[in-house]
Amino acid sequence: MAESDTVAGHTYSPAMDAKTHEQTYRGFVRFVEIGTGVVICWVLALAIGGIREAWLLAILSVIASGAAGAVGALAPAVGWRGPLVVGILLLLYLFFA
């Protein structure tokens, strides 16, 4: 079993790199947020294709949501907001077209 110099609930030991752990956690959370937004856009695109019979728009929406997710991943200031914009546009089209 691995040995640890820390007791549960206390700070990191000097052998552990707290900054790297926190950066990894933040990156994982950002990835999950962006990925969830992109998948929601894909579901909305499938709904548009199935309900409105607008399959060309659905394909373009999948491409746009992927691009928005890539922009969100590369630009931390954008983050999950990129796929959110595409999702809102898809919802508007689904309800009002």
Problem set entry | Karplus 3J(HN,Hα) series, Hz, for segment 24-34 with 6.51 cos²θ - 1.76 cosθ + 1.60 (x for Gly, Pro) | 5, 4, 4, x, 5, 4, 5, 4, 5, 4, 5
Problem set entry | Hz values of 3J(HN,Hα) by residue in segment 40-47 - Karplus curve (6.51, -1.76, 1.60), Gly and Pro given as x | 4, 4, 5, 5, 5, 5, 5, 5
For this session: Report, to two decimal places, the Cα Rg of segment 45-96 normalised by 2.2 N^0.38 Å (N = number of residues).
Result: 1.18
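Work out, step by step, the length gained on full extension between Phe96 and Arg30: first 0.36 nm times the residue separation, then minus their alpha carbon distance; give nm to one decimal.
On the way: separation 66, 0.36 × 66 = 23.76 nm, distance 3.14 nm.
Stretched out fully, the Phe96 to Arg30 stretch lengthens by 20.6 nm.
Read-outs: derived from the displayed coordinates by stated rules, not from any lab. Just so you know, these numbers come straight off a predicted model, no measurement behind them.
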